[in-house]
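The values are calculated or read from the model by the stated rules, or taken from the named source; none is laboratory data. Since the structure is predicted, the reported quantities are computational estimates derived from the model, not experimental observations. Cβ: placed from backbone, ideal geometry, glycine included. Neighbour counts: every protein chain shown. Calculation scope for accessible area: heavy atoms of the full protein, side chains included, ligands and nucleic acids excluded. Shrake-Rupley method; radii C 1.70, N 1.55, O 1.52, S 1.80 Å.
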Amino acid sequence: MSAATDAGLPATGVAFHGADQPSMALIDACVHCGFCLPSCPTYVLWNEEMDTPRGRVYLMKAGLEGRAEMSSTFVSHFDACLGCMACVTACPSGVQYGPLIEHTRAQIERHYTRPLGDRLFRSLLFALLPYPGRLRLAMAPLVILGPILRALERSGALNMLPRRIRSVIAMAPQPSLGSLMTRAPEHTPASGAPRLTAAVLTGCVQRLAFAGVNQATIDVLAAEGCTVEAPAAQGCCGALALHAGNIDQARGLARHNIEVFEKSGVDRIVVNAAGCGSSMKEYGELFHDDPAWAERARGFSAKVRDVSEVLMEIGEPRAQRHPIAARVVYHDACHLAHAQGVRAQPRSLLAAIPGIELLSPADAEICCGSAGIYNLVQPEPAAQLGERKARHIAALKPDIIATGNPGCTLQIAAAGRRLGYDWKIVHPIELIDRSIKGE
């Protein structure tokens with residue numbers, strides 16, 4: 001029986017009904033000017049009007065007005081969207097595309113029955129990814145099997161597997177036993193007189209596969225005069241679930257973290273993963289119609305900053321920077337540049353390191369294809385975008401690539417391997433940490 005019939009509605013497949021529908025007021029802000037088209041990755045790939053922000057906004061309006069059904073074709077145009085928010089940067093009318101696509105996807109996940117294989121695959125992802133304890137167990141075999149899988153990938157032996165499974169293997173991080181078992185210190189005192197108290201989000205994949213990024217974040221903040229807390233009780237921020245339409249799961253995860261971080265009593269909540277930061281800054285929108293949580297969510301979001309924002313905010317660096325002689329290509333993570341508008345801060349911090357030659361790739365505004373779980377559920381376009389990005393980066397002959405999002409790190413590394421490159425890819429905070437420590 002369809003979701004529409006369950007809800008007592010006519011079994012017409014009517015697109016939107018119930019809670020969490022996209023806002024007609026936000027939709028009406030779109031004047032269909034087309035400035036978003038060249039910024040949209042799927043339009044760049046396919047040159048199709050319905051696979052542009054303008055086209056998708058038109059479909060949203062048709063869904064609200066009852067002119068569209070929740071058909072596989074209707075859903076496919078929203079599944080194809082990366083949610084990269086490049087259209088937000090390009091839009092002269094200030095259309096808030098983020099909440100529009102998130103609520104549209106919430107409607108899809110509630111009212112559209114996906115094919116069985118797709119349902120099972122997505123269910124597995126969201127039973128694992130937002131839960132660090134489960135994810136730790138799932139990633140443990142990669143400590144030993146990771147290098148073997150990479151060798152099989154290079155040999156082409158995995159080509160017989162389904163495309164999604166190959167993508168999961170290609171995107172899998174290479175954890176160490178240490179990274180899986182390491183816990184960030186809960187309290188780190190400031191070096192010298194404290195300038196700020198900060199709590200650090202340790203994340204999900206970040207804490208397990210990129211524990212060094214969290215430690216570098218803590219060390220740099222402390223070196224620059226911040227007292228740093230990393231509450232052990234914290235969990236996933238809900239970003240992956242929110243971006244994929246699992247809005248109820250996202251709210252549950254967000255509520256938990258709001259409660260945990262409220263107890264820390266800090267000045268700033270520091271994030272080192274672009275997708276997490278963009279969602280945490282929008283908790284107020286996530287709970288806007290929930291009287292029990294709206295004010296708490298807004299208060300939480302008001303404290304959230306990317307680590308680069310905090311380092312610029314506190315002023316003149318205290319810790320000396322030692323030289324790093326390297327050509328560094330900085331890749332703008334979409335949810336940092338487009339969703340949060342954070343572009344200059346990471347570049348300024350990297351440029352302040354003596355010896356670094358800082359470079360930006362061509363078409364920097366176009367997504368690398370990571371986009372949350374996009375490279376797992378839409379592997380073909382994600383691979384095309386990844387290789388496009390990798391070619392632009394390769395043209396600059398980098399010694400190091402720096403980017404502020406773990407998904408981008410994994411995506412660019414996988415695309416680079418397919419093109420024959422074995423790049424060193426780091427978070428900008430790791431380069432700052434190494435410069436301070438003279439490594």
**Prompt:** Which order, highest average first, do 422-431, 259-268, 364-373 follow once you tally other Cβ atoms within 10 Å for each residue and take the mean per peptide?
**Reply:** 364-373, 422-431, 259-268
**Message:** If you wrap a convex hull around the alpha carbons of region 332-439, what volume per residue comes out, as a whole number of Å³?
**Reply:** 97
**Request:** Treat the chain as a sphere of radius equal to its Kirkwood radius over Cα pairs and apply Stokes-Einstein at 37 °C in a medium of 0.692 mPa s; give the translational diffusion coefficient in µm²/s, rounded to a whole number.
**Result:** 146
**Fill in**
So for R0 = 25 Å, FRET eff. of R114-E65 from the Cβ-Cβ r, to 0.05, ends up at 0.55
**Message:** Under a crude label model (7 Å from the Cα following the beta-carbon direction), how far is S123 from D290 in nanometres?
**Reply:** 2.4
**Prompt:** With contacts defined as alpha carbon pairs under 8 Å and 6 or more residues apart, what's the relative contact order of the chain in percent?
**Reply:** 15
**Message:** Tell me the per residue accessible area of region 51-112 using a 1.4 Å probe; a whole number in Å² is fine.
**Reply:** 33
**Asked** Roughly speaking, to the nearest percent, how much of the chain's 1.4 Å accessible area is carbon and sulfur?
**Response** 57
**Fill in**
With no solvent term and unit scatterers on the alpha-carbon positions of region 206-276, Debye gives log₁₀ I(q)/I(0) at q = 0.22 Å⁻¹ of -1.09
**Message:** Compute for region 273-313: radius of gyration divided by Kirkwood radius, i.e. Rg/Rh, restricted to C-alpha atoms, rounded to two decimals.
**Reply:** 1.06
**Request:** Compute the long axis of helix 97-111 from its Cα atoms, compare it with the longest principal axis of the Cα atoms of the chain, and write down the angle in degrees, 0 to 90, nearest 10.
**Result:** 60
**Complete:** Inter-part gap, Cα centre of region 44-103 to Cα centre of region 365-439, in whole angstrom, is 26
**Request:** Would you calculate a helix-derived [θ] at 222 nm for the chain, using -39,500 (n - 2.57) for each DSSP H run of n ≥ 4 and dividing by the full residue count, to the nearest 500?
**Result:** -14500 deg cm²/dmol
**Complete:** region 153-270: relative contact order from alpha carbon pairs under 8 Å, six or more residues apart, as a whole percent, is 27
**For region 228-338, the spread of Cα positions along each principal axis, largest first, Å** = 51, 30, 23
**Request:** Mind putting a number on the dipole of the chain about its Cα centre? Charges go on the C-beta only, +1 for Lys and Arg and -1 for Asp and Glu, and I need it in Debye to the nearest 20.
**Result:** 1060
**Message:** Using only Cα atoms and rounding to the nearest 10 degrees, what angle (0 to 90) does helix 379-394 make with the longest principal axis of the chain?
**Reply:** 30
**Computed P(r) (all Cα pairs; region 77-192; 5 Å bins; percent)** = 2, 8, 12, 14, 13, 14, 13, 13, 7, 3, 1, 0
**Prompt:** What is the count of Lys pairs in the chain whose alpha carbons sit under 24 Å apart, if the two are 8 or more places apart or on different chains?
**Reply:** 7
**Item:** Over region 49-141, relative contact order from alpha-carbon pairs under 8 Å, at least 6 apart, %
**Value:** 21
**Message:** What percentages make up the Cα-Cα pair-distance distribution of region 128-223 when the bins are 5 Å wide from 0?
**Reply:** 2, 12, 19, 18, 14, 12, 9, 6, 4, 3, 1, 0
